[in-house]
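The values are calculated or read from the model by the stated rules, or taken from the named source; none is laboratory data. Not measured: the values here are computed from a predicted model. In this analysis, Cβ positions are derived from the backbone assuming ideal geometry, glycine residues included, and neighbour counts consider all displayed protein chains.
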Amino acid sequence: MVEHAPVHRGEHGEEEPAVAHKDHRRDYFRIFWVLTVLTLVEVGITYLKMPKSVMATLLVGLAVTKAAFVGLYYMHLKYEKRSLLWLAAVPFPLAGLYAAFLMLDANGVLRAVTAPWK
């Protein structure tokens with residue numbers, strides 16, 4: 001019996017050879033181990049004696065790094081067009097600003113600032 005390559009039918013029914021996809025399992029396992037190490041670093045940071053603001057900054061930075069790895073590799077954004085990558089990356093600074101203002105507000109820093117129109 002003869003083995004044939006998989007064939008994909010085009011829009012009008014013509015036969016087109018199937019496109020070979022790259023096997024990304026090695027990348028997935030590499031990123032899995034990177035995420036595991038980053039998680040262990042996060043857990044280790046929580047046991048260190050340091051100011052809470054420094055600890056929070058480090059933990060948020062590591063969380064953003066992990067989110068970037070997940071987005072780039074597991075959500076396949078690394079292999080997309082640049083425009084789609086920008087569409088996913090633009091909200092990151094906005095989320096960072098939002099988090100920074102929430103932390104400042106939680107510490108009471110923003111409550112001490114009076115608005116110029118009051």
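Data for the structure
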item: Single match in LEU38, LEU85, LEU72 (criterion: in a helix (DSSP H, G or I), modelled with pLDDT of 90 or more and surrounded by 12 or more Cβ atoms within 10 Å (Cβ to Cβ)); result: LEU38
item: Any hit, region 8-24, residues being in a helix (DSSP H, G or I), modelled with pLDDT of 65 or more and exposed (fewer than 10 other Cβ atoms within 10 Å of the Cβ); result: no
item: Cβ pairs under 7 Å, 6+ apart, first in region 32-47 and more than 14 Å from ALA67 (Cα to Cα), second surrounded by 13 or more Cβ atoms within 10 Å (Cβ to Cβ); result: VAL41/LEU62; ILE45/MET55; ILE45/LEU58; ILE45/LEU59
item: Residue list for region 22-53, restricted to those being out of contact with any helix residue (DSSP H, G or I) (no Cβ under 9 Å at 6 or more places or on another chain) and not basic (Lys, Arg); result: ASP23, PHE29, PHE32, TRP33, THR36, VAL37, LEU40, VAL43, GLY44, TYR47, PRO51
item: LEU97 part of a helix (DSSP H, G or I) and surrounded by 12 or more Cβ atoms within 10 Å (Cβ to Cβ); result: no
item: Residue match in region 102-111 (condition: more than 26 Å from ILE31 (Cα to Cα), of a type in the set (A, V, I, L, M) and not in a helix (DSSP H, G or I)); result: yes
item: Failed item, numbered, when ALA67 is tested on (1) more than 20 Å from HIS24 (Cα to Cα); (2) at pLDDT 85 or above; (3) of a type in the set (Gly, Ala, Ser); result: (1)
